[in-house]
Amino acid sequence: MRDEEKYEKIVALPGFQDMLAKKKKFILTSTLIIFILFLALPVLTSYSTVLNHTFIGPITWAWFWAFMLFIMTWFFCVLYTKKASSFDQLNEKIKEEANKELTVKEANV
Amino acid sequence: MNDTVITLFLLIVVATLVITYFAAKITKNTNQFYTAGGELKGWQNGVAISGDFMSASSFLGIVGGIALTGFDGLYLLLGALLSYLIVMYLVAEPLRNLGKYTLADMITARFKANKVRGFAALNTVTISVFYMVAQLVGAGVLIKMLIGIPYVPSLIIVGVLMTVYVLFGGMTATSWVQITKAFLLLGGTFILFILVLSKFHFNIIDIFEKVKSATPFGEKYLEPGIKNKNGLDAISLNFGLLLGTAGLPHVLIRFFTVKDAKTARKSVTVATWVISIFYVMAIFLGFGAAALIGTDKIIAENPAGNMAAPALARILGGDFLFAFIAAVAFATILAVVAGIVLSGASAFAHDFYNGILKRGKATEKQQLKAARIASIVVPVIAIIISLFVQNLNVAFLGSLALTLAASANLPVILLTIYWRRFNTAGAITSMIVGLFSTIILVLLSPNVWDPSGHAIFVGKPLFPLASPGIVSIPLGFIGGLIGTMLSKEKDKNYQKILVQSNLGQDV
């Protein structure tokens, strides 16, 4: 079978489309949140002074936000590892499905 | 005292040469040379990525930046920290799945045109040379400050060492030099971190209280705005930092040193943890320097604050700790430049020579020879440039390289992986527009033009921002969009890219 045909078949598998949709949703949402939570800090510190209020004693909200960005990084790190291994499982299934489909087709030819 | 510094420097030189000796024994083919055989473990590559990325100028610069400018110093590191999430979420796994040795391999996996390979390699070489020059200028200045060797000999020492690692030991030597350096840097930072905390009874609130009154800025020290007067410039710089890492060739080629996407994922996760822990400690070293040394003394040693970390080491642990931190900074310089030499050399040898000149048909022997010649030529070019630009601001050179990476590389990488309609014309316009818009905007910026003569030319800058990221990065994407729309060509290869970037090449 031609390469092109093979890839078309795999892309058409419901499992593959399902995985793509899930992955897209996860990656887009996460990236958007990361962008907003990060860029909001320089925007707020450049154009306003709201973050200069005290959070605990000498620590202001700006510092709190900065430290939260570290915690956010760790959170998204762990989240990605978890999600990615669930995608790994989906991928295994897709590969099995693809192998079945492709060998059947080849037998028919 | 000088004897201790010199002994420790020599120890580092000997250790790295021993690594290179063993690496040279197994570096017999191109696969070994470019990717260490693709056999690194996830944690090893993760530590190597962090060793590749945490440069001496960032270590010394961040500690000095926090010490001298308080909150604004954070902007030297936050973008870089979060940039690893961008690498993790958008680039690492598809890159590993599609590529082989270089960034151009990944893009030409979809668009099999020599022009695409050529421009991708040109961007890699340009970014690598800028980045290397930034590191070398910084290295020359630092070594002069730390042990008193003048600029030119310092440069030559660093240049010879980095060439030797790459020339003989390829990616294997580079990786292990980076891993060793990462542990040294983390260890050194950790010792200083604990010593600083002990001065404040391990009470974080106490540290904040102390720095609030320790600097000439008073309470303002903990508030934003000491350094960044122009808000848009701060945002633009952060935008560039956030997106820059995901386009840096010497970081991206590290993902080819592991066997599959899963291991690439592990690598980027480990790198993110190591880098974040390092940054947390560096913030407190900055506070420690501000409170224990004082702003005036830090500025007296170096106006940019680059001596804050070594000076802090001297106050906390005497001459030996000073020597140790100086040696760590030296190891850091060597590890980072070696990584960049390798990325530049692989673009030259694998993309220009084998890919374009020989149409992919060079023999193993010819390729390895080309790679070795390139790993001499690339450092020589960078050293010659560095000799002429020693008075340029190092931080500016570094951020220029990152903005270039974000504008000229990242758009084409993301569009290649994720955009179905993208085509050859789009890929080429994206790379050209990203590269030249960044360079032109910088040439028109306040870094180059200053009415009172503080820059290269005297005059009013035509472009108001020092870092062009917020304009040039979108331009890179728009270039890709318009180039694609204007061409009638339909890319038939996307199904394959879609399958391989998600499932790997063994389907």
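The values are calculated or read from the model by the stated rules, or taken from the named source; none is laboratory data. Here the structure is a predicted model, which means the values were calculated and not measured. Note: ideal-geometry Cβ built from the backbone for every residue, glycine included; neighbour counts use all protein chains shown.
Okay, residues lined up against (1) closer than 20 Å to B:Val337 by Cβ; (2) surrounded by fewer than 19 Cβ atoms within 10 Å (Cβ to Cβ); (3) at pLDDT below 90:
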| position | (1), (2), (3) |
| --- | --- |
| B:Phe111 | no, no, no |
| B:Thr126 | yes, no, no |
| B:Val133 | yes, no, no |
| B:Leu136 | yes, no, no |
| B:Leu142 | yes, no, yes |
| B:Val152 | yes, yes, no |
| B:Met162 | yes, no, no |
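Given the condition part of a loop (DSSP other than H, G, I, E, B), more than 14 Å from chain A (Cβ to nearest Cβ), at pLDDT 95 or above and out of contact with any helix residue (DSSP H, G or I) (no Cβ under 7 Å at 6 or more places or on another chain), answer yes or no: does some residue in the range B:7-29 qualify? Looking through the range B:7-29, none of the residues is part of a loop (DSSP other than H, G, I, E, B), more than 14 Å from chain A (Cβ to nearest Cβ), at pLDDT 95 or above and out of contact with any helix residue (DSSP H, G or I) (no Cβ under 7 Å at 6 or more places or on another chain).
Of the residues B:Lys259, B:Lys227, which is more than 20 Å from the chain's Cα centre (by Cα), part of a loop (DSSP other than H, G, I, E, B) and under 30 Å from B:Val129 (Cβ atoms)? Steps first, answer last, please.
Details: B:Lys259 fails: under 30 Å from B:Val129 (Cβ atoms).
Result: B:Lys227 is the single residue among B:Lys259, B:Lys227 that is more than 20 Å from the chain's Cα centre (by Cα), part of a loop (DSSP other than H, G, I, E, B) and under 30 Å from B:Val129 (Cβ atoms).
From the list A:Leu39, A:Leu20, A:Leu69, A:Leu51, the one residue that fits, being within 9 Å of chain B (Cβ to nearest Cβ) and touching a strand residue (DSSP E or B) at 6+ places or on another chain (Cβ under 9 Å), is A:Leu51. Scanning the range B:292-308 for residues that are surrounded by fewer than 22 Cβ atoms within 10 Å (Cβ to Cβ) and either assigned to a helix (DSSP H, G or I) or not small (Gly, Ala, Ser) (or both) turns up B:Leu292, B:Ile293, B:Thr295, B:Asp296, B:Lys297, B:Ile299, B:Ala300, B:Glu301, B:Asn302, B:Pro303. There is at least one residue in the range B:52-65 that is under 21 Å from A:Met68 (Cα atoms), of a type in the set (Gly, Ala, Ser) and in a helix (DSSP H, G or I). Considering the conditions (1) surrounded by 23 or more Cβ atoms within 10 Å (Cβ to Cβ); (2) of a type in the set (A, V, I, L, M, F, W, C); (3) touching a residue at least 24 places away in the same chain (Cβ under 8 Å); (4) within 14 Å of chain A (Cβ to nearest Cβ), B:Val499 is excluded by exactly one of them, (3). Among the residues of the range A:93-105, none qualifies, meaning not one is under 15 Å from the mean Cα position of the chain (by Cα) and more than 7 Å from chain B (Cβ to nearest Cβ). Could you tell me whether the range A:39-58 includes any residue that is surrounded by 14 or more Cβ atoms within 10 Å (Cβ to Cβ), touching a helix residue (DSSP H, G or I) at 6+ places or on another chain (Cβ under 7 Å) and within 19 Å of B:Glu93 (Cα to Cα)? Within the range A:39-58 (the criterion being surrounded by 14 or more Cβ atoms within 10 Å (Cβ to Cβ), touching a helix residue (DSSP H, G or I) at 6+ places or on another chain (Cβ under 7 Å) and within 19 Å of B:Glu93 (Cα to Cα)), the answer is no, since none of the residues qualifies. Check the range B:271-284 and report whether any residue there is buried (at least 24 other Cβ atoms within 10 Å of the Cβ) and touching a Pro at 6+ places or on another chain (Cβ under 8 Å). Checked against the condition, which is being buried (at least 24 other Cβ atoms within 10 Å of the Cβ) and touching a Pro at 6+ places or on another chain (Cβ under 8 Å), the range B:271-284 yields no hits at all.
Scanning the range B:402-431 for residues that are assigned to a helix (DSSP H, G or I) and of a type outside the set (A, V, I, L, M, F, W, C) gives B:Thr403, B:Ser407, B:Asn409, B:Pro411, B:Thr416, B:Tyr418, B:Thr424, B:Gly426, B:Thr429, B:Ser430.
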